[in-house]
Amino acid sequence: MFWYLVKRLLASAPTLIAVLTVVFVIVRIIPGDPALTVLGDQATPAALAALRTKLGIDKPLHLQYVDFMLSALQGDLGRSLVSGRPVINEVTAVLPHTLDLTISSLLLGSAIGIPLGIWAALRRNRLADYVIRIVSLIGLSFPVFVSGIFLLLVFALQYRIFPVIGTSDLANLGDRAWKLVLPTLTLGLVMVAYITRVTRSAMLQVLSEDYVRTARAKGVPARLVITRHALRNALIPVVTVVGLYLGINIGNSVLTEIVFNRPGLGKVIVTALNQRDYAMLQGLMVIYCFLIVVTNLLTDLTYGLIDPRVKQS
Amino acid sequence: MTTPATQRASTDQSVLDRPVLAIDDLTIEFRVRGQWHAAVRDLSLSVGRNETLALVGESGCGKSITALSVMGLVPKPQGRVAKGRIDVDGQDIVRLDEARLEKIRGNRVAMIFQEPMTSLNPVLTIGFQVAEALRVHRGLDAAAADAEALRVLEEVKIPSAARRFHDHPHQFSGGMRQRVMIAMAIACKPALLLADEPTTALDVTIQAQVLGLLDDLKTAYGMAMLFITHNLGVVATIADRVAVMYAGEVVEIASVHAIFARPAHPYTEGLFRAIPRIDRSEQTLSAIAGQVPSIDRMPGGCRFAARCPLREPACDASSPRLEEIAPGHAVRCHVRGPARRVGMGAGGGVGG
Amino acid sequence: MSRGFLGRLIDVFGANKTSWVGLVLFAAICVVALLAPWIAGSDPLEQSIIDKLQPPSATHWFGTDEFGRDVYARLVWGARISLIVSISAITIALVVGGTIGLVSGYIGGRFDMLVMQAMDVLLSFPALILGLIIVALLGPSLHNLVIAISLTALAPFARIARAPTLIVKERQFVEAGRALGYSHARIVFVHVLPNILAEILVMASLWMATAVRVEASLSFIGLGVRPPTPTWGGMIRDGFENILDAPWLSIYPGLAILTLIFSLNMLGDGLRDATDPKLRGE
């Protein structure tokens, strides 16, 4: 298992390097002089030159690239041009909020989506299946800022059950959980819809497998055939696809954070873009890549727990 | 007036005489584009204790679905048993509900499937998969079920079974997986074993070993075995009687000796010609030209007529009935049936 | 192969009801957008401070916004932006991405490997984030939105066009075509394209749904087509600021976006069910 993980980690290295390169290129071609952004129009040419030297952007591009890759691999993400604080500090300050939201919506999505997906698969082409498929398609069609606003309107403004603003005190667990409810529902709706659909098709695939027929031929009761024989196998593709989706879903986290005015990685990204804080942006992209790699590793770990074939290979 | 004692004695005797499996006038239908079509039509056969009946035919002839129907596993909702009885131990499977069927499957009737590579659950250990049947049917606890499962795995000759008990299917070869499948099937000592091409996916030496194992187990347990195959070579080594199926019907049924010595139906003869022969230098695998008609395009008369070398006008006019041409030897053919037996030689034998 | 484009299209649609519902819904929205000058009733840009923040009524079906502009008129005109951006972006992605995939698959070898790796990297960025970066980089405008969104959808079309190209190029009729002296381009466009039409349709409708979502999201963040041009995402952004007093400002454009994305998802999903042989039948 350990070597399997190491192998997976090494396998993701080329992609990681490619993505870092793309980040480097994108950030370099953003129009505007970073030094000018920081010091403003009134800065003297000498001051600008001094800052350029300090930032390392007066060097030839290929040297900048080497510098960037080396420091990125060492975990040095530089400092924000606007606040002057290290990127890593800015990120760690908001990371718990983002993780709270991601993990809780994933849990919600699995808790509802997996049973719904199984149910739809077992009732294939009957009424329940059609209803679940249409409803999940509606769930997938909701842009999160629309569903977020609708939830706000109903539960925070009309009935005043939950708070409007999602900014919470991390130390106060009750407050943290309370303010997480609506954002989780918003992001969780998408996850529920997605996981339901993935589970349904995985179950349909597995239910037609020979070993499910074998289990039935053994006289295993229908309920156990589904949970013990079918579901565990169906979860293998579900875990893979959902793991990938977690990365894709960051766009939805950004919008959820904006609607509920929650701190988080998404808002930091948008702020950095608006302020043309290229150092910050570059650091954020590196962290994003890192998070994707971590997510993939966690996915592989979960995968290994379910599928015995993984451990030996 | 019979006394209770004599009554019991006679019942015991009838139980012993009664076939383990008796299929009577069975028709299984599938829905194709909204219409029900028979995949198996008016099928009757029986298998007794300690007897192996081979069900022979090309794929698409309804052999597998016949076996599945004995398990109560005709796929729903696209398939159904339209009429007939399937008596196992004198109990009609067709009329049982799902809960009662679950008590019989894997217990009184067990089945081995063709594909050992995909028929075992990849995420469960082989020990668990064998023990599971014992837990379900015998109500054994985990330890007792494991102990018994290990004994069965040893009985099917899995090398160092104790050490490999907790291994997963992907760690076994095809032949070993098929042994595990057999262990699963016989764990509850079934009265009837259905084997659906259990050796087709295996290479020839392994094939012989598995066949030998199945034959030994049948004798040891006194099981009735319904053995499905398209390979007449396999039939010779394992079967007592043979039923040849074509397009959902039995076209010839006889003892293995009679089938090999005097095959009567032209389809049976065709199957014999299709056996790959080692003693001939050239690879003349002369299969029968044409294909089994699909279930929604069955011809009106004899279903084999389109491919038959003996085809006559009568063959297209009406379907022949299955009729005895010798004791225990019946054939469904206008040309080779009892009406025209006079003057017929012993068909095309196996010799030559 | 013997049937033309149109025949195949009809086959594909005929097989699935969901795709029909999606198609009709989508067509209805297209008609609304086309007829905007005639059915909008009033000028979407006309301000009227006296009429500001009016709730829905007989004169203003969906109410008015903070400048007194008619929400219904803005909604009808806003459909045009959503459709123009998504249709042009997906058309570009389809043509450019599809060509990349076809050419790459047809040439094969190391070139193919390199191109596909580049596509993988592109695909590893979530559509919205990629769109955010590109628009921030180029500046918010209609053109830049289209470019950004078409870039996010490039990779899937390259993949979809490549896989069948690899298979088809080995097949008999391509060999036969070569023997008859047809050019490579002709082989690809006459023989390969019809074979992947269904898949392309599925992808196009599903990615168009994504395109609508990304356009609306960028407008919501404030990186869409500049005001005062009405866009659905922008209307929600404005409405969000007045959510306490005038919830209708966000509700109607929200429902409009939902309906458009849902119709495209239905269309794509239905088409996929109809064309995927594994999912067909009972």
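Things worth noting here:
- Those helices (runs of 4 or more DSSP H) of the stretch A:122-219 in which 2 or more residues are within 14 Å of chain B (Cβ to nearest Cβ) occupy A:181-207, A:210-217.
- If you go through the stretch A:260-270 and pick out every residue that is farther than 15 Å from A:LEU95 by Cβ and open to solvent by 10 Å² or more (accessible area, probe 1.4 Å), you end up with 2.
- Among the residues listed as A:VAL135, A:VAL144, the single one being surrounded by fewer than 16 Cβ atoms within 10 Å (Cβ to Cβ) and not basic (Lys, Arg): A:VAL135
- Pairing each residue of the stretch C:207-225 that is farther than 28 Å from C:ILE160 by Cβ and more than 9 Å from every other protein chain (Cβ to nearest Cβ) with any residue that is of a type outside the set (Phe, Trp, Tyr) and surrounded by fewer than 24 Cβ atoms within 10 Å (Cβ to Cβ), provided the two are 6+ apart or on different chains, yields C-beta distances under 6 Å for C:VAL225/C:ILE81; C:VAL225/C:LEU142.
- For first residues located in the stretch A:251-272 and within 11 Å of chain C (Cβ to nearest Cβ) and assigned to a helix (DSSP H, G or I), partners that are of a type in the set (Asp, Glu) and surrounded by 22 or more Cβ atoms within 10 Å (Cβ to Cβ) and lie 6+ apart or on another chain with Cβ distances below 7 Å form the pairs A:GLY266/A:GLU257; A:LYS267/A:GLU257.
- Hey, A:TYR245 touching a Pro at 6+ places or on another chain (Cβ under 6 Å) and either open to solvent by 10 Å² or more (accessible area, probe 1.4 Å) or within 11 Å of chain C (Cβ to nearest Cβ) (or both) or not: no
- For the residues A:TYR303, A:TYR288, the requirement of being surrounded by fewer than 23 Cβ atoms within 10 Å (Cβ to Cβ), away from chain C (no Cβ under 13 Å) and aromatic (Phe, Trp, Tyr) singles out A:TYR303.
- You will find that of C:LEU75, C:LEU94, C:LEU83, C:LEU102, the residue that is within 26 Å of C:ARG162 (Cα to Cα) and modelled with pLDDT of 85 or more is C:LEU94 and no other.
- Selection status of B:TYR246, in contact (Cβ under 8 Å) with a residue 12 or more places away in the chain, open to solvent by less than 10 Å² (accessible area, probe 1.4 Å) and under 15 Å from the mean Cα position of the chain (by Cα): yes
- When the stretch B:283-336 is filtered for residues that are of a type outside the set (D, E, K, R), in contact with a Pro (Cβ under 6 Å, 6 or more places away or on another chain) and surrounded by 18 or more Cβ atoms within 10 Å (Cβ to Cβ), the ones remaining, listed by number, are B:CYS302, B:CYS308, B:ILE325, B:CYS333, B:HIS334.
- Meets criteria (of a type in the set (Gly, Ala, Ser), open to solvent by 40 Å² or more (accessible area, probe 1.4 Å) and under 19 Å from the mean Cα position of the chain (by Cα)) for A:ALA171: no
- Tally, over the stretch C:246-262, of residues that are buried (at least 24 other Cβ atoms within 10 Å of the Cβ), more than 8 Å from every other protein chain (Cβ to nearest Cβ) and more than 24 Å from A:ALA156 (Cα to Cα): 1
- Qualifying positions in the stretch C:228-245 - in a loop (DSSP other than H, G, I, E, B) and within 11 Å of chain A (Cβ to nearest Cβ): C:ILE243, C:LEU244, C:ASP245
- Restricted to the stretch B:187-208, and to residues there that are surrounded by 24 or more Cβ atoms within 10 Å (Cβ to Cβ) and out of contact with any Phe, Trp or Tyr (no Cβ under 7 Å at 6 or more places or on another chain), the residue that is modelled with the lowest pLDDT is B:THR199.
- For the stretch B:249-258, filtering for residues that are buried (at least 16 other Cβ atoms within 10 Å of the Cβ) and either polar (S, T, N, Q) or in a helix (DSSP H, G or I) (or both) leaves 3.
Each row is one residue, and each column tells you yes or no for (1) at positive phi; (2) under 18 Å from the mean Cα position of the chain (by Cα); (3) in contact (Cβ under 8 Å) with a residue 24 or more places away in the chain.
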position	(1), (2), (3)
A:LEU73	no, no, no
A:ASP76	no, no, no
A:SER80	no, no, yes
A:VAL91	no, yes, yes
A:ILE103	no, yes, no
A:LEU106	no, yes, yes
A:SER110	no, yes, yes
A:PRO115	no, no, no
A:LEU122	no, no, yes
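- Residues in the stretch A:8-39 that are more than 26 Å from A:TYR278 (Cα to Cα) and modelled with pLDDT of 75 or more: A:LEU10 alone.
Conditions (1) surrounded by fewer than 17 Cβ atoms within 10 Å (Cβ to Cβ); (2) under 30 Å from A:GLY266 (Cβ atoms); (3) among the hydroxyl-bearing types (Ser, Thr, Tyr); (4) in contact with a helix residue (DSSP H, G or I) (Cβ under 7 Å, 6 or more places away or on another chain), marked per residue:
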residue	(1), (2), (3), (4)
C:GLY22	no, no, no, yes
C:VAL31	yes, no, no, no
C:ILE49	yes, no, no, no
C:THR64	no, no, yes, yes
C:ASP70	no, no, no, no
C:LEU75	no, yes, no, yes
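- Taking the stretch B:83-125 as the range and being part of a strand (DSSP E or B) and either surrounded by 20 or more Cβ atoms within 10 Å (Cβ to Cβ) or at positive phi (or both) as the test, the residues that pass are B:GLY84, B:ILE86, B:VAL88, B:ARG105, B:VAL109, B:ALA110, B:MET111, B:ILE112.
- Taking helices (runs of 4 or more DSSP H) as the structural unit, those lying wholly within the stretch B:128-245 and holding at least 1 residues that are within 14 Å of chain A (Cβ to nearest Cβ) correspond to B:142-155, B:161-164, B:174-186.
The values are calculated or read from the model by the stated rules, or taken from the named source; none is laboratory data. Owing to the predicted nature of the structure, the values given are computational and were not obtained by experimental measurement. Cβ atoms come from the backbone with ideal geometry, glycine included; neighbour counts cover every protein chain shown. We work out accessible area using only protein heavy atoms, side chains counted, and drop any ligands, DNA or RNA first. Shrake-Rupley method; radii C 1.70, N 1.55, O 1.52, S 1.80 Å.
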